[in-house]
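Q: This is the structure, below, for whatever I ask next.
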């Protein structure tokens with residue numbers, strides 16, 4: 001009789017541990033998804049600023065069509081991204097295109113003095129700060145999930161229920177370079 005209660009007790013404890021570990025993994029996975037949605041919101045905010053910026057620059061730099069087309073193409077790619085990896089690639093492309101756009105703006109003093117252009121630059125800068133913070137939050141949550149999926153015993157539960165590791169949102173080599181600021 002004592003053996004039966006012991007076996008039942010062990011089975012119940014094992015079930016409770018399995019349930020708890022599964023729920024922890026679900027919570028971590030949902031945190032990663034929520035963190036990704038925060039990045040997505042900021043990237044969409046930045047994308048919504050781009051048309052205004054392009055129109056402002058068009059008024060001053062009519063013959064810089066190639067740069068404006070690159071910005072538009074990169075924005076379209078970002079808006080069409082379906083997962084963090086595609087979004088990271090498109091974001092990197094857009095960042096490069098915006099750097100080119102701001103480099104072109106250096107050649108047009110009237111554009112740099114434009115209040116609308118300054119306001120758009122400030123909003124983009126604020127959004128870039130929010131994107132960076134969102135990326136950090138996302139990567140922290142990915143780290144927590146991946147650590148749980150790689151450590152025993154939660155790794156066993158993760159495998160049993162087909163949980164997948166997530167990719168970190170990484171900076172490209174281009175983003176790691178120093179940015180030259182001119183006033």
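Q: Consider region 152-170. How many of its residues are free of Cβ contacts under 8 Å to residues at least 60 places away in the same chain and not in a loop (DSSP other than H, G, I, E, B)?
A: Residues meeting the conditions: 4.
Q: So, restricting to helices (runs of 4 or more DSSP H) that lie completely within region 1-111, which ones have at least 1 residues that are within 30 Å of residue 160 (Cβ to Cβ)?
A: 2-60, 84-105
Q: Hey, can you tell me all the residues within region 112-121 that are touching a residue at least 24 places away in the same chain (Cβ under 8 Å), farther than 16 Å from residue 47 by Cα and part of a helix (DSSP H, G or I)?
A: If the condition is that a residue be touching a residue at least 24 places away in the same chain (Cβ under 8 Å), farther than 16 Å from residue 47 by Cα and part of a helix (DSSP H, G or I), then 116 is the only one that fits.
Q: From the list 30, 83, pick out the single residue that is modelled with pLDDT under 85, closer than 26 Å to residue 148 by Cα and surrounded by fewer than 14 Cβ atoms within 10 Å (Cβ to Cβ).
A: Unique residue meeting the criteria: 83.
Q: Now a separate question. Of (1) modelled with pLDDT under 80; (2) buried (at least 16 other Cβ atoms within 10 Å of the Cβ), residue 113 satisfies all except one. Which?
A: Every listed condition holds for residue 113 apart from (2).
Q: Now for a different question. Since residue 125 meets every condition but one in (1) crowded, with 18+ Cβ neighbours inside 10 Å; (2) under 17 Å from the mean Cα position of the chain (by Cα), which condition does it not meet?
A: Residue 125 satisfies every listed condition except (1).
Q: Hey, among 149, 124, which residue is farther than 30 Å from residue 54 by Cα and part of a helix (DSSP H, G or I)?
A: From the options 149, 124, the qualifying one is 149.
The values are calculated or read from the model by the stated rules, or taken from the named source; none is laboratory data. Given the structure is predicted, the values throughout are model-derived calculations rather than measurements. In this analysis, Cβ positions are derived from the backbone assuming ideal geometry, glycine residues included, and neighbour counts consider all displayed protein chains.
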